[in-house]
Amino acid sequence: MMTSQDGFSRTGDDLLQPPDQTRGSTWNRQRQSSPARKLGMTRKEKDTRDFKENENPEENEKRHKEQELKSLYKELLYTITHKLGKPASAEVFTDNQLHQYIREAFSMAVDEHQSLTERVQNTEPPVYCLMATVKEAKGILGKDVSGFSDPYCLLTILEDEKESRTRRSRPKPRKAVVQDAVSDEKVYTTDTKKQTLNPIWNQTFVLEFEDTTVASFHIEMWDKDEELSLAQKLEEIRTNFHGLRRMIKDAKKEKGQDDYLGSIVLRLKDLHCTEDNWYVLEPRTETYPDRGQCHLQLKFIHKERDGTLSAGRSAYVSYCGILLQFVQSHISQQQGSVPWKGELCGEGQTLLELYATQNNLSPFLQDLAKWMAYSKLYQSLEVDSSVLLQQLTSIEYHWHQQELPYQQKQELGDSLRGFLQYGLCLVAKYRDTFPPTQDATPRLHTLLRILSQVCKTQAFQKLNAAQFDLHDEINEAVHSGTQEWFTIKKGLHQPMTKDLTETVSALSRLIGEVQQDIKHNKDSWNRVFVSAVQVDVFTVVYQKLDFLLAGEVRDTLSLLEGEMEQNLANSLFPLYLSLQVIHKDKAFLQKRGKLLELTNFHEGFREALPYWLKKAFRTTQDRVERAVQVDQLQPLQLGPVPIKHSSSAVDLVTCVQPICQLWEQLSWPDPEEAFMLMVKLTEDVCKIVMNYCRILKERVRELSENSDPGSAVNMLCVVVNDLEHLRSVLIRLPQQLNWAGLRERTLHVIGDPQFHNVLNSQLQHAQGVLNKEIRSALETVGRKLNSDIAMYVRSMSTRCRIPSKSTEEAVVPLIKYLERELQYMNENLVQENFNSLLTPLWTNSIRTLYQVATQQKQEDGLMVFCQRLKFTLQCLEQCFHAEGNGLPLDTLHIDSYKILKAHLTHNSLNCQQLIEKFLDRKIWEQKVYSGEKYGAVTLLASYRRSDHRLRVEVLNAANLLPMDSNGSSDPFVQLRLEPGHVFSEVEPRTTQIKNCDLNPLFDEAFEFLVSVEQCQAAGACLVVTVLDYDTLTTDDFEGEAFLALKAVPGVGGGSGERQGHQPDPSPAQIRLPLMHPKPNDDSILKLLESRRGEREAQLFVKKRRQREKQSQEGKQQ
């Protein structure tokens, strides 16, 4: 409830009405009776009659707009002239500053400003009022017996002179200060709230005053006291004994006197235009200082403003016009193209606040006016979308709090619907309005949020009768906008002529536009739409463009049937690639319904496919030929990280790469056709490789005609490296062309044998050609090296040079040559080819050494020569192994190497070393011999270091062969220490003869005086020979056995000095199977036999040949 001075009351809903519509009839009657008002109206009617009827409509509109601006200008001048209170902003502006601001905002000339100012100053001033709303109080004193109070408030405005004069006229002040100071008609009273300490009133009063500088606002709070019967008072005493004291105090009061609760005094000049605060209730005495607080809302307003200013418009309409003019002026003065973010300068905000306050415009109407102004400006000027979003939030807040007048409701509904339509138009043209940039996409997001917020507001849902689905509307807008965009782009890219190539080029440009648009929708716009309004704009746009583009492609390709040629096919290739990129984007679709129109787009390009392959092959072939023609066959890079192949090999890899890229670019969907395409591409690569080999050989012959041998070998090495590099390219070809992926696609179409046989046969043939060319080049290089090695080796076999130089000096030339050549080859060949060269070179070197070694006659110088060759073999092994950097030992130690090494080792030994070698072999044969084919002999053997005696006890023999005609034998055992040159002083020993016994028992012991060193010498052994005694003829050979002296207890374990104090070991019983030598089977004997000049060798050979003649092995064979 709001009570005015004129006796009118206004509800809270009436406060939302524009002031001119809600003003009481008395106010209007008073205004109409004013002479100034009548004069103003008379002048206006006279001016209206003076307008000429035949004026131009544009001039009429211009004149009308000027009149409206002047009316708004006068309203602002009037507001400044009669401003009340302080503005909310911290900065205070003078009247001159405010005049300067509005003059610039309205582009008003100085003289016109002066004229209008004078006219406003001559108008009737308004009635100054303070609209006070008593909201509530809390924590007030309890004055009644019950501990509560019945509070009410008294409100008035006192001017200083009146207040002081009133007080002087009264002999004694009364308790009611407000009532004492002014007349009762100027004191306003709130309702009385029963029995509470926290009353709530929400009552509004309009208090008039004349001057803010000398006036103060007073509000007093009182506790209402009423007459109570005796019974009621006794009941209170019974229920609340503590109220007795209160009653005693009441008894002393005058009858009907109310209790004072507190007061608030505010000087008007200290108040702002609007105040909304809690104020402390001040006491008159210090008895109860804490009196509580009261919540007041205060606002300075005008009543009875001069009606000639607004020309009949309401304050709300004028406020809208002023706000619009201020914003337009502010935006026009902004620097750059930054959107306006809803901020005005201090002068503009102050004037808007003053005008709204003076005309009592509610916050709801102010926010509504801002929405109306900003939403209109958004359609013509750069206004930040967040400004509209903020106003929508404010309107939604006020909608639940207050009720709008009918006219403003209609304006709000029309504005929201109009803005939605405008926003949907922007959405339809979002490609042009909001390009995919960092600045534009946030604006699109905010616009979509505003549209969504508009549809969610209670105002729109209440004021919009028709059903409105924003999701469907945006989908429809995007559909129509995409159709319009495609039509425009199609028109821009229409071919200028009917030439087929120009037609294809135009379609290619159109597809490029579509491809770029789909990319922008996927990467930028879709996130904005999904985030703001949950619309998958990418899916909507993609499906629409897929339909439109498929039709254009079909129409264009139908014109090319039967007209295909190379140039036309070339122009179709980029078009195919763009369509492929667009079709791959289907993976990002959220909803996949029916089959897309571009699903089988590749079928229209089958006729052009052979031309694409042909062009790729010819282009690559030409580039390869040009690369070889300029190749100087020199390593591409020297230094710490050398590149040993030439430029053409690198160019070839680069040239072949586009063919592999062509396969990836085509990504042909049909699996069977894709396999045939792979066969063709592999065949083309193999053809290019083989043609490269051919022209590279021609290039070598061309460059080596006038070059020296060293340069020719260098170029040959580079060629080998080129071919090896090319071979590695072929090895990687299945991976580059992704054969594995194609195999998975063709599993249900092509069998595994067919797939691998067809593709691998082509690749293997090309690799075979490369391998053959590499081997041929390496053999050419190797032949020269082999001939030089053979020359050096044969020079060492010359008889005259053997005694002239030492072995090391004789080998030096060969080793130096090899080191120099191999280092050169290592620097100029890649590792694979260098290893390929080393292997045959090593084999030929072994063969050469063996030939030289075996061709040398067995003469006196053979041993020295073989020693030299053996040293040469060792040096060659070290050279080719190169401390692990060359050939591995497993590759070096081939069978021919082992044979040669054994041959040279034997021929390098003297006769004694050969005898020792022979005996070591016999000991090894004895050790591995199994069975007792020729019988066995059992011994007890030990060596006493104390007296250097080797004791051998012959126990028995068993299973001997019958040598006599009677089927028996007369065996005896002969013991002999070998080799003879070690045991030259030791005589052989013989047991007694056992007649007619094949298992004789001897039990005879023999001792040999020999040193430990002799027993541990190389080849030292005890030769046990069993013979059959014959009286008239030579004794028959039963068999022999070899016992290594190192195996005899007491011999092993060090020299005699270190073992001299140890006890003598126990003899070991040893059973030795008897063996028969194989005739002419030993190479060492042959070598010893060839040394005819050495007596010791000949005697040893003679004994062994005699045993071979007696051997049963030869007879059995």
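The values are calculated or read from the model by the stated rules, or taken from the named source; none is laboratory data. Just so we're clear, the structure is a prediction, and the values are computed from it rather than from any experiment. Note that we place each Cβ from the backbone using ideal geometry, even for glycine, and neighbour counts take in every protein chain shown.
Numbers below:
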quantity	calculated
Region 106-140 - residue that is in a strand (DSSP E or B) and of a type in the set (Lys, Arg) and, of those, farthest from Asn202 (Cα to Cα)	Lys138
Top-ranked residue of region 607-664 - restricted to ones that are over 25 Å from Leu681 (Cβ atoms) and aliphatic (A, V, I, L, M), ranked as surrounded by the most Cβ atoms within 10 Å (Cβ to Cβ)	Leu633
In region 302-329, the residues that are surrounded by 22 or more Cβ atoms within 10 Å (Cβ to Cβ) and among the aliphatic types (A, V, I, L, M)	Leu309, Ala315, Ile322, Leu323, Val327
Qualifying residue in region 83-104 (condition: under 20 Å from Gly321 (Cα atoms), part of a loop (DSSP other than H, G, I, E, B) and either in contact (Cβ under 8 Å) with a residue 24 or more places away in the chain or in contact with a Ser or Thr (Cβ under 7 Å, 6 or more places away or on another chain) (or both))	yes
Residue list for region 361-373, restricted to those being of a type outside the set (A, V, I, L, M, F, W, C) and either crowded, with 23+ Cβ neighbours inside 10 Å or in contact with a Lys or Arg (Cβ under 7 Å, 6 or more places away or on another chain) (or both)	Lys370
Filter pass, Asn771 being surrounded by fewer than 18 Cβ atoms within 10 Å (Cβ to Cβ) and on the phi < 0 side of the Ramachandran plot	yes
Residue within region 542-560 that is basic (Lys, Arg) and either in contact with a strand residue (DSSP E or B) (Cβ under 8 Å, 6 or more places away or on another chain) or more than 21 Å from Thr437 (Cβ to Cβ) (or both) present	yes
Any hit, region 519-528, residues being surrounded by 17 or more Cβ atoms within 10 Å (Cβ to Cβ) and outside any helix (DSSP H, G or I)	no
Options Thr620, Thr682; residue that is assigned by TED's automatic domain parsing to the domain that holds Ala740 and within 30 Å of Val713 (Cα to Cα)	Thr620
Residue within region 459-474 that is without any contact (Cβ under 8 Å) to a residue 40 or more places away in the chain, assigned to a helix (DSSP H, G or I) and surrounded by 14 or more Cβ atoms within 10 Å (Cβ to Cβ) present	no
Sole residue being closer than 30 Å to Leu633 by Cα, of a type outside the set (S, T, N, Q), at pLDDT below 80 and in a helix (DSSP H, G or I), chosen from Tyr824, Tyr817	Tyr824
Number of the exception - Ala853 against (1) modelled with pLDDT of 80 or more; (2) surrounded by 18 or more Cβ atoms within 10 Å (Cβ to Cβ); (3) under 30 Å from Ala1097 (Cα atoms); (4) not basic (Lys, Arg)	(1)
Total residues in region 374-404, condition outside any helix (DSSP H, G or I), in contact with a Leu (Cβ under 8 Å, 6 or more places away or on another chain) and surrounded by 19 or more Cβ atoms within 10 Å (Cβ to Cβ)	2
Candidate set: region 97-142, residues that are touching a helix residue (DSSP H, G or I) at 6+ places or on another chain (Cβ under 6 Å) and among the aromatic types (Phe, Trp, Tyr); chosen: the one nearest to Asp276 (Cα to Cα)	Tyr101
Pairs, first assigned by TED's automatic domain parsing to the domain that holds Val718 and in a helix (DSSP H, G or I) in region 829-841, second crowded, with 16+ Cβ neighbours inside 10 Å and of a type in the set (Gly, Ala, Ser), C-beta under 7 Å, six or more apart	none
Selection count where residues are of a type in the set (A, V, I, L, M, F, W, C) and either farther than 19 Å from Ser648 by Cβ or exposed (fewer than 12 other Cβ atoms within 10 Å of the Cβ) (or both), scope region 722-768	12
Boolean, Glu744 is in a helix (DSSP H, G or I), in the same structural domain as Arg727 (by TED's automatic domain parsing), among the acidic types (Asp, Glu) and free of Cβ contacts under 8 Å to residues at least 60 places away in the same chain	yes
Region 1008-1033 - residue that is of a type in the set (A, V, I, L, M) and buried (at least 20 other Cβ atoms within 10 Å of the Cβ) and, of those, nearest to Ala957 (Cα to Cα)	Val1026
Residues satisfying the stated conditions in region 433-447, i.e. over 31 Å from the mean Cα position of the chain (by Cα) and either touching a residue at least 40 places away in the same chain (Cβ under 8 Å) or crowded, with 22+ Cβ neighbours inside 10 Å (or both)	Leu447
Residue within region 939-952 that is assigned by TED's automatic domain parsing to the domain that holds Ala1020 and within 28 Å of Gln1098 (Cβ to Cβ) present	no
From the options Asp150, Asp111, Asp180, residue that is at negative phi, at pLDDT 90 or above, surrounded by fewer than 19 Cβ atoms within 10 Å (Cβ to Cβ) and of a type outside the set (Val, Ile, Thr)	Asp111
Filtered residue count, region 970-1007, keeping only those that are farther than 16 Å from Leu955 by Cα, of a type in the set (A, V, I, L, M, F, W, C), surrounded by 16 or more Cβ atoms within 10 Å (Cβ to Cβ) and out of contact with any Phe, Trp or Tyr (no Cβ under 6 Å at 6 or more places or on another chain)	2
Selection within region 747-785 - in contact (Cβ under 8 Å) with a residue 40 or more places away in the chain and hydroxyl-bearing (Ser, Thr, Tyr)	Thr780
